[in-house]
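Please treat every number below as a calculation from the coordinates, not as lab data. Note that this is a predicted model, so its numbers are computed, not measured. In this analysis, Cβ positions are derived from the backbone assuming ideal geometry, glycine residues included, and neighbour counts consider all displayed protein chains.
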Amino acid sequence: MAAPLTLLLLVAVTVRAALFRSSLSELISERVEVVSPLTAWKRVIEGLALLDLGVSPYSGDVFHETPLTIYLFHFLVDYAEVTFMLADVITAVALYMAVKDYNKQVFRKQKFALEADRYPLDCLELIRSPKEMYYIPLKVAMFYLLNPFTILSCVAKSTCGLNNAIIALFILSTIKGNVLLSAIFLSLATYQSIYPLTLCAPALLYLMQRQYIPVNFRRASFWWFIVQYAFMYLGSLFVIICLSFFLLGSWDYLPSVYGFILSVPDLTPNIGLFWYFFAEMFEHFRLFFLCVFQINVFFYTIPLSIKLKEHPVFLIFMQLAVISIFKSYPTVGDISLYMAFLPVWSHLHRFLRNIFLVSCVLLACSALFPVLWHLWIYAGSANSNFYYAITLLFNVAQILLVSDYFYAFLRREHHLTYGLYLKRKDGSEATLVLK
Amino acid sequence: MGLLSDPNRRRALISLLTRLNTPICIVCYMAGVAWFMGLAFEPFTLRTYMSENAMGSTMVEERFPAGERALATGREFSAHKKRTGGMPVEWLMKTMQAKGLEVFTQRFSRTLPFPDENKERYMVRGTNVYGILRAPRAPRTEALVLSAPCSPGDNNNQAVGLLLGLAEYFRNQIYWAKDIIFLVNEHDLIGMQAWLEGYHHTNTTGMDWSPLQGRGGSIQAALSLELSSDIITSLDLVLEGLNGQLPNLDLANLFYAFCQKIGVLCTIQGKLQRNDWDSVSGYSHAVQTMMLMVMKQASGRPWGDHGLFLRYHIEAATIKGVNSFRQYKTDATTIGRLLEGMYRKLNNLLERLHQSYFFYLMPSLSHFVSIGYYMPAFGLLAVILLLRALDLWVQLSTPPQRTEDGVTDIEPVRGTHFKTVADLLSLLTPLVISHLTGVALYMLPIRFQEMAVEHFPVSETEAVVLTAIAVYTAGLALPHNTHRLLSGEGTEQGWRVLKLVAVLYLAVLLGCTALINFSLGFILALTLVPVAAFVTPHVPKVLSAFILVILSPACTLLFSVFFFQELQEMPISFQDGWLLFLSVISQGILDHSLYGSLVYPLITLLVYPCWLLFWNILFWN
């Protein structure tokens, strides 16, 4: 499997390198769909210039990346293109290895269940074969590396690629069962953009499952593990934050990065839901709706963790999707990360209901974003409502996509317990209805 | 959401849509066309009304007295123009300075990619002269433009005369709150392009021009004046700009309101308004007017010197004086008063014109069809593509033979992987090949003109056009069915996947086009949607190939040329039509390289490859 992966990496790097050299890269790096005020490379350059002048990079309200990022690019600014390509490659390889490991476990679990005769007889067609699972890791890497969204994001040098790499490494270390590394990468991801905090729930669930610790609030071992993990997580977060403080010598970055993420002062249009809403709102409702919008990201963690506590990796996928839909400055780079997981759930395809509709809408929206932007900003004949309508549609499609996968996943689990061909009490064929 | 989550209702809906797919498609197509034709019917249209408060409620008086003097200046200009054999720069500067304007010039030069045979120019060199009347009453942050072209021959001398007359008169008024720029541009659109690029410090087309020495504020609105006789019978308003962009409807309303007030006959597309909408001839008159607008908008070229302003977010229109055999005559003083009135209203603007519509079609000057009314016509056509795609999707996702037993079902699953790789390849090859053909069609005509001129007895322009046609035709002959090499026989699955991709591609493409330029999108949809709907490898080959060629983009253009001539009531013979067709192609290529019109790249890089995909499906086996 190494050879196809290498080939894939080569292709991906070639495409990116070619695009970096072309005149398109400048155009792409200006697109609001691809870069947000947080991740724009232009702003990183500005921050670097301020840093070189001995001024705090956060003065002037342009730069909003974390101190570690700016120090990273302080050394790597000449190799920025290589860095971003490398970040993509790391993400892809990490996802590849993680999914490979995960598939092994899925298969092992399935084998145990089969040997224990736990599946109903008519469910044999739902059983996954190693043959079909063999190519999944490669497909995951392909979905990430050759996704146009990822390519655009990389060519625009959006720092979103780095965040994705950190999250991918977190997923890898979690799936490999390395508690310490998982906590460290999670704290790094949180440090970069707060929202990955919600990934601690699936990580905990997964690690506990791996170490055979029951999820039971009355068990001491359960609490002991949580305390351990929390200690490692908070400890590394503390170290990172202090490191940033010592690097910069001030706490400037806290309001400038996290305040900026949470209070959403920059209403530049993007593919998210925040900008239009907050641009239109009366100022005295702002705080209230800010809380409502931000809680969205965190809130779904609880019900999803309860429902999916046996399936933490699917929970990771759900959480990534929820973050990328509801975060305050989403870009297409965030979307590409959770879309990379779609091949892992390819066995759910028979239960998906709206995939055709959703993929049509996503496709159409991606094409309409630049068109409506042109009409609004350059031609002046359309207005922001047109653009926001497409943003809304795009997000609705994403939500439909995610809920469709959620439904399909639950339905498959249901069939695995109760049999594929459900009968009503009177013996006629029954259908499952989601209500 | 009940429809999306209740499986029984979904199944019923989907089976209904797949069973009745063809009838629904036919009904949709006819409904779309009928809706479009109904747009011109007066009860279905809206009356135009002034939306902008700053222009609607304020009163202005028009007192311009000096029409005769303006005409005399025009004659003087014409004499100087003849003497210098081009733009009389010295004389214009002197005259403008004498009227009290700040006068500046701009030189520009441009070499066309190939000689323009319609206007007989290749290496263009010229000078724009413009004078700025500084606003006495406000900080000079905003400006209005009045332009008149300096055309070869005896054309437009009166326009320049009137422009100078108005400048002199405006100079003595005290109420101007915006700078007024009086611009005389040489070589029509090329000069205008140079001036606008100089004014806004942009260079999008690689033209050489000297930087502007004087500037006003940001330009709010512009009018371009074309006037070739001392007395006119009617004024014609031209709105269509680059890429089918239109100015805000309020500008048209303003023109119409003043024509009503002063009592000048006004037309759009050269058509007078008629009041007998309920008669057949009245309706067909309205349809004709609207179709003319649709055809002009679809061409994507600027139909007057104002066309390039629109790209810079400046509302602009061209006013053309027409002298026909009507009884009712209007002299230059009246036109001057009309322009004075319009400029005084524009002067009152507090912000850019934005209240009224930007997307509209006009069946007459007093009625319009807004985007909400005309989009359903396009939507009905686009829905056919989606229905077709749904049908294909259902066919693909429910394979014909279905096994009851679970164990045997795993066998095909193993096979599918290799099949999908082959499928993917057989899908990618036609996509890549047809797009490469599109790129060739885009690049080759201009690249190969020298070689073509050397080897064939043709002029450069002919060489470009004929190369384009040759590449276009060669695209049809390419060996598209390379999938046979890969997977032996073209599979049923294969063409269905390809068609699904092609149909969705076409739907997105047409949707985006219709948003930017409705007319172009609609005309393309009219011809391409039937192609997309009916093509399969199983229809009779020769007949379908013939229909496919008839409905291809190039033939659409050919028909459009004849149809346009018919609409203008200047029918032409096939021979002349063919020549016109060739010149339209060369003009399209020139518009792209000179002004950045997007129609040529759109057709060659996207629409034509998409059509080739359907051609490919037809010859799948």
Checklist entry - Ordered by packing density, taken as the mean number of other Cβ atoms within 10 Å over each peptide's residues, highest first, how do A:296-305, A:92-101 rank? => result A:92-101, A:296-305
Checklist entry - In chain B, which Cys residues have no partner Cys with a Cβ closer than 4.7 Å? => result B:Cys25, B:Cys28, B:Cys150, B:Cys512, B:Cys555, B:Cys610
Checklist entry - Rounded, prolate or oblate: which fits region A:262-411 when a ≥ b ≥ c are the square roots of the eigenvalues of the alpha-carbon gyration tensor, with rounded for a/c under 1.5 and prolate only if a/b beats b/c? => result oblate
Item to check | Unit charges at the beta carbon, dipole of region A:1-156: most positive-side option, A:Met142, A:Ser129, A:Ala40 | outcome: A:Ser129
Checklist entry - What is the spin-label model distance, in nm, from B:Ile262 to B:His313 if the labels are put 7 Å beyond Cα along the C-beta direction? => result 3.1 nm
Next on the checklist: Nearest 500 deg cm²/dmol is fine: what mean residue ellipticity at 222 nm does chain B get from its DSSP H runs of n ≥ 4 alone, each adding -39,500 (n - 2.57), divided by its residue count?
Outcome noted: -18500 deg cm²/dmol
Checklist outcome for this item: Longest principal axis of chain B (C-alpha) makes with the long axis of helix B:7-19 (C-alpha) an angle, in degrees to the nearest 10, of 80 degrees
Checklist outcome for this item: For region B:163-227, the Cα-Cα pair-distance distribution in 10 Å bins from 0, as whole percents, is 16, 47, 29, 7, 0
Item to check | Average other protein chain Cβ within 10 Å of Cβ, residues B:496-507 | outcome: 1
Checklist outcome for this item: Taking the dipole of chain B about the Cα centre (Lys, Arg +1; Asp, Glu -1; charges at Cβ), the one of B:Thr473, B:Met59, B:Gly304 that reaches farthest to the positive side is B:Met59
Checklist outcome for this item: Taking Cα pairs closer than 8 Å and at least 6 residues apart, the relative contact order of chain B in percent is 17 percent
Item to check | Cα centroid separation, region B:311-337 to region A:168-196 (Å) | outcome: 71 Å
Checklist entry - Across region B:567-581, in residue order, what do the Karplus-derived ³J(HN,Hα) couplings come to in whole Hz, using 6.51 cos²θ - 1.76 cosθ + 1.60 with θ = phi - 60° and x for Gly and Pro? => result 5, 7, 6, 10, x, 10, 6, 5, 4, 5, x, 5, 4, 5, 4
Checklist entry - From the phi of every residue in region B:231-243, what ³J(HN,Hα) in whole Hz does the Karplus formula 6.51 cos²θ - 1.76 cosθ + 1.60 yield, where θ is phi - 60° and glycine or proline is x? => result 10, 10, 9, 8, 10, 10, 9, 10, 10, 5, x, 4, 6
Item to check | Computed P(r) (all Cα pairs; region B:249-397; 10 Å bins; percent) | outcome: 9, 30, 33, 16, 7, 4, 2, 0
Item to check | Distance cut-off 37 Å, percentage of C-alpha pairs in region B:56-365 lying past it | outcome: 11 percent
Item to check | Built amide H within the under 5 Å cut-off of B:Cys266, gap 5+ | outcome: B:Leu235
Checklist entry - Looking at the square roots a ≥ b ≥ c of the eigenvalues of the Cα gyration tensor of region A:94-208, which shape do they give, rounded for a/c under 1.5, prolate if a/b is larger than b/c, or oblate? => result oblate
Next on the checklist: Can you show me the helix-derived [θ] at 222 nm for chain A, built from DSSP H runs with n ≥ 4 at -39,500 (n - 2.57) apiece and divided by the number of residues, rounded to the nearest 500.
Outcome noted: -21500 deg cm²/dmol
Checklist entry - B:His367's amide H: which non-local residues (gap 5+, or another chain) put their own amide H closer than 5 Å, with H modeled 1.01 Å from N in plane and none for Pro or chain starts? => result B:Thr48
Next on the checklist: With 10 angstrom as the radius, rank A:Tyr195, B:Tyr442, A:Tyr378 by how many other C-beta atoms surround their C-beta, starting from the fewest.
Outcome noted: A:Tyr378, B:Tyr442, A:Tyr195
Item to check | Cα-centred dipole magnitude for chain B, charges only on beta-carbon of K, R (+1) and D, E (-1), debye, nearest 20 | outcome: 800 debye
Item to check | Summed side-chain charge close to B:Ala194 - residues other than B:Ala194 whose Cβ falls under 13 Å, Lys, Arg +1, Asp, Glu -1 | outcome: -2
Item to check | Angle in degrees between helix B:406-447 and the longest Cα principal axis of chain B, rounded to the nearest 10 | outcome: 30 degrees
Next on the checklist: With a cut-off of 8 Å between alpha carbons and a minimum separation of six or more residues, what is the relative contact order of chain A in percent?
Outcome noted: 20 percent
Checklist outcome for this item: The value for region B:423-619 (convex hull of the alpha-carbon atoms, volume per residue, Å³) is 136 Å³
Checklist entry - Which net charge results when you count Lys and Arg as +1 and Asp and Glu as -1 among the other residues whose beta-carbon is under 14 Å from that of B:Thr204? => result -1
Checklist entry - Ranking B:Leu510, B:Leu189, A:Leu180 by Cβ neighbours within 10 Å, fewest first, what do you get? => result A:Leu180, B:Leu189, B:Leu510
Checklist entry - Which net charge results when you count Lys and Arg as +1 and Asp and Glu as -1 among the other residues whose beta-carbon is under 10 Å from that of A:Leu348? => result +2
Checklist entry - HN-Hα J couplings of region A:79-93 from phi, Karplus 6.51/-1.76/1.60, θ = phi - 60°, integer Hz, Gly and Pro as x? => result 10, 4, 4, 4, 4, 5, 5, 4, 4, 5, 4, 4, 4, 5, 5
Checklist entry - Are any of the pairs B:Lys271/B:Lys320; B:Lys99/B:Lys261; A:Lys104/A:Lys139 more than 20 Å apart by Cα-Cα distance, and if so, which? => result B:Lys99/B:Lys261
Checklist entry - Can you pull the Rg over Rh of chain B, Cα-only, Kirkwood? => result 1.04
Checklist entry - In region B:423-619, with Lys and Arg counted as +1 and Asp and Glu as -1 at Cβ, which of these residues, B:Thr556, B:Thr536, B:Ile589, has the Cα nearest the positive end of the dipole, that is, farthest along it? => result B:Thr536
Item to check | DSSP-defined antiparallel bridges as percent of all bridges, chain B, nearest 5 | outcome: 55 percent
Item to check | Whole-number Å³ per residue for the convex hull built on Cα positions in chain A | outcome: 173 Å³
Next on the checklist: Less than 29 Å apart at the alpha-carbon level, and either on another chain or at least 8 residues along: which lysines does that give for A:Lys42?
Outcome noted: A:Lys157, A:Lys327
Item to check | Sorted by Cβ density within 10 Å, fewest first, the residues A:Ile184, A:Ile45 | outcome: A:Ile45, A:Ile184
Checklist entry - For region A:107-150, which trypsin sites (Lys or Arg not before Pro) are both in a DSSP coil and crowded by at most 12 other Cβ atoms within 10 Å? => result A:Arg118
Next on the checklist: Charges at C-beta only: +1 for Lys and Arg, -1 for Asp and Glu. How large is the resulting dipole of the protein assembly as shown about its Cα centre, in Debye rounded to 20?
Outcome noted: 2240 debye
Checklist outcome for this item: For B:Ser224, other-chain or 5+-apart residues with amide H closer than 5 Å (H placed, Pro excluded) are B:Ser147, B:Ala317, B:Thr318, B:Ile319
Checklist entry - Semi-axes, largest first, in whole Å: what does sqrt of 5 times each Cα gyration tensor eigenvalue give for the protein assembly as shown? => result 59, 36, 27
